[in-house]
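Colleague: Below you will find the structure I want to go over with you.
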Amino acid sequence: MRDNTGINLPPKELSVLRLLLESAGTVISKDELLSSVWPETDAAEESLTRCIYALRKFLKDGKGYIATIYGQGYRFTCPVVTLEVPGPERFDVPTLAVLPFRGVEESEALDLQDAMIRHLTTAYGEILRVIPSGLMAHGSPMDVRQMIGHLAADYYVSGRCIRQAEQRCWSVELIRASDHALIRGQTLDARDPGKALQELTCLIVQRLPGLRPVSNACSSYPAAVAYLNGLCSVREHTAHSLRNALVQFRHCLQLADNYTLAWCGLVDAWLGLAMLDPGQHEHAVAQAHSATSRALALDPGNPQVLARLALLTSLRGCEDAANVLFRRCLLSADQAEVHYFHAWHHWFWRRNEQAVQSLERCLNDDPECMRAKIFQARISLGINALSAARKVGQTSQVNGKLLTFEHHRCRV
C-alpha cells in the first residue's frame, strides 16, 4: 500500500525490497542481493541498479528510504516492525497467580498483591498470563490448593512480610502448581518496594524458561516520579499541562533513556499539542513520529507503541496500513487509549459517527479521560480543540464537583 492505494511491484523489485526490509538497519551487500534475487544466473549489477531505482520511484522519497553505501551495498534507513497476523490459534504461555501475602493486615496484603500483579503484567505483557486479583476473590474460604486448581494456574507466588526492628522484608516462594513443589525461595529487602518488585521480576525470569521482560523497566526512583508526573499532566490535557508533560518525560528519559513507556508518554504529549494547537500541528506530529521511532527501536512489538504508530500512520495518509495496526492493537493493548487513538483515526478520515462511538468506548473504560471528553465536545459542537477544552472545563462534573479546566491539577 502507498498513500492508501494498492500497488503492484514486479517480482524482482519485490524480492529486493523484502531483503532490504529483513536486514533493516544493516547494510546488505550487492553480491548477496544478486545471488539471492538472481540465483544461478549471471546477472549484472545493472539489473540490481535498475531495481533500486524502481523501488525509490515507488517509495516516492528519492533516496530517503534506501541508502547507497558506496563500496558495500544498500541499507533500508527507516524503522521496520514485523507484525504477526492474529489467528484463531495462539501459542501457549504459562499462567501465574500471585496470592495475598501473609503477615500483614488484609487491606495491606491486597494492596501488595495488586501492585505485584500490575508490575508483572507490565514487565511480561503477553508472554506470561498473570491472573487478575479479582478472580481470586471468593465469598467462602478456600485453601491454596483449591484456589490454584480453580484458577488452573501453572505457577504461583506465595509469601509473607517480615518486620524486624526497622527492616522490612518479603519472604517469597515461587511454586509449581502441578505438584506444589518449591522452585525458588528468596528473601527480598522491601524497604524500597520498587526495587523489591524488580528483584521479584528477575526471580521469575530466571526460573521460568523462555521468559524475558517485554520492555526495559524504569531504572531509578527519580525517573519513575518524573514519568508519573508526566502522566498526570497528560491526563489534565491543557496546553500548559502538556508542555509540562514534555519537560517531565524528557527528564525521565535523561535518567532512563531506555524506558519505552516514557517515550510513549512523549508521543502523547506531542499528539495532545497537535490536537489543541493547530498552529504547531505539523511540528508536533513530526516530534511524535521521532519519539515513536525511538520506542519502536527499544521494543518493536509493544502494543502501546503500535497503537501510537497506528494513529501516526493514519495521519500520514495510509488508512489501510493504519487499519491493520489498529486491528492488532484492539486485541492486545490498553483498550481506553486504543479507542481514543482509533477515534482520532476515524475523525481524520471524516467518519464522525464512528469516531464518537470509539470515544464512548474509551470513556466506558476510563470515565475520567479528559482528552476523550475534549475530543467528544469538539466533534459534537463542531469547534476547534482549544474551544472544546474550555467548554469541557466549564461543564465537567467529577464526583459531583464542578471543575475549572484551566486550574485542575493532578499531583504525584
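The values are calculated or read from the model by the stated rules, or taken from the named source; none is laboratory data. Model, not experiment: these values are computed from the prediction. Ideal geometry is used to build each Cβ from the backbone, glycine not excepted, and the neighbour counts take in all protein chains shown.
Colleague: Restricting to segment 187-211, name every residue that is surrounded by fewer than 18 Cβ atoms within 10 Å (Cβ to Cβ), without any contact (Cβ under 8 Å) to a residue 24 or more places away in the chain and assigned to a strand (DSSP E or B).
Modeller: Within segment 187-211, ASP189 is the sole residue that qualifies.
Colleague: Please find, within segment 142-158, the residue that is surrounded by the fewest Cβ atoms within 10 Å (Cβ to Cβ) out of those that are over 16 Å from ALA109 (Cβ atoms) and modelled with pLDDT of 85 or more.
Modeller: My answer is ASP154.
Colleague: Evaluate the following for LYS30: is it among the basic types (Lys, Arg) and either assigned by TED's automatic domain parsing to the domain that holds ALA322 or modelled with pLDDT under 85 (or both)?
Modeller: On the way: among the basic types (Lys, Arg): yes; either assigned by TED's automatic domain parsing to the domain that holds ALA322 or modelled with pLDDT under 85 (or both): no.
Spelling it out, it is not the case that LYS30 is among the basic types (Lys, Arg) and either assigned by TED's automatic domain parsing to the domain that holds ALA322 or modelled with pLDDT under 85 (or both).
Colleague: Which count do you get for residues in segment 68-96 that are touching a Ser or Thr at 6+ places or on another chain (Cβ under 9 Å), at pLDDT 85 or above and surrounded by 14 or more Cβ atoms within 10 Å (Cβ to Cβ)?
Modeller: 4
Colleague: Out of segment 301-322, which residues are of a type in the set (S, T, N, Q) and modelled with pLDDT under 90?
Modeller: Across segment 301-322, the qualifying residues are ASN302, GLN304.
Colleague: I'd like to verify a number: residues in segment 257-276 that are crowded, with 19+ Cβ neighbours inside 10 Å and farther than 24 Å from TRP347 by Cβ, how many? Walk me through it before giving the result.
Modeller: In the first step, residues of segment 257-276 are kept if they are crowded, with 19+ Cβ neighbours inside 10 Å; the result is 259-276.
Keeping just the survivors that are farther than 24 Å from TRP347 by Cβ gives 259-263.
The total comes to 5.
Colleague: Out of all the residues in segment 329-348, is one or more charged (D, E, K, R), more than 26 Å from GLY301 (Cα to Cα) and either surrounded by 24 or more Cβ atoms within 10 Å (Cβ to Cβ) or assigned by TED's automatic domain parsing to the domain that holds HIS240 (or both)?
Modeller: no
Colleague: Ok, one more. Restricting the search to segment 326-357, which residues are outside any helix (DSSP H, G or I) and farther than 17 Å from ALA274 by Cβ?
Modeller: Those that are outside any helix (DSSP H, G or I) and farther than 17 Å from ALA274 by Cβ: ALA333, ASP334, ARG350, ARG351.
Colleague: For GLU236, indicate whether it is among the charged types (D, E, K, R), closer than 29 Å to VAL80 by Cα and either buried (at least 23 other Cβ atoms within 10 Å of the Cβ) or assigned by TED's automatic domain parsing to the domain that holds LEU306 (or both).
Modeller: Working: among the charged types (D, E, K, R): yes; closer than 29 Å to VAL80 by Cα: no; either buried (at least 23 other Cβ atoms within 10 Å of the Cβ) or assigned by TED's automatic domain parsing to the domain that holds LEU306 (or both): yes.
No.
Colleague: A follow-up question, please. I'm trying to understand the selection: among the residues of segment 159-186, which are within 23 Å of GLU105 (Cα to Cα), polar (S, T, N, Q) and either touching a residue at least 24 places away in the same chain (Cβ under 8 Å) or part of a loop (DSSP other than H, G, I, E, B) (or both)?
Modeller: Once the filter is applied, which keeps residues that are within 23 Å of GLU105 (Cα to Cα), polar (S, T, N, Q) and either touching a residue at least 24 places away in the same chain (Cβ under 8 Å) or part of a loop (DSSP other than H, G, I, E, B) (or both), segment 159-186 yields only GLN167.
Colleague: Within the set of pairs 6 or more residues apart or between chains, which connect a residue that is touching a residue at least 60 places away in the same chain (Cβ under 8 Å) inside segment 362-373 to a residue that is surrounded by fewer than 15 Cβ atoms within 10 Å (Cβ to Cβ) and aliphatic (A, V, I, L, M) with Cβ atoms less than 9 Å apart?
Modeller: Going by the 9 Å Cβ cut-off, the qualifying pairs are GLU368/VAL398.
Colleague: Condition test on SER314, is it in contact with a helix residue (DSSP H, G or I) (Cβ under 9 Å, 6 or more places away or on another chain), under 28 Å from ARG250 (Cβ atoms) and among the hydroxyl-bearing types (Ser, Thr, Tyr)?
Modeller: Considered against the rule, which asks whether it is in contact with a helix residue (DSSP H, G or I) (Cβ under 9 Å, 6 or more places away or on another chain), under 28 Å from ARG250 (Cβ atoms) and among the hydroxyl-bearing types (Ser, Thr, Tyr), SER314 comes out as yes.
Colleague: Can you tell me how many residues in segment 369-383 are among the basic types (Lys, Arg) and not in a helix (DSSP H, G or I)?
Modeller: 0
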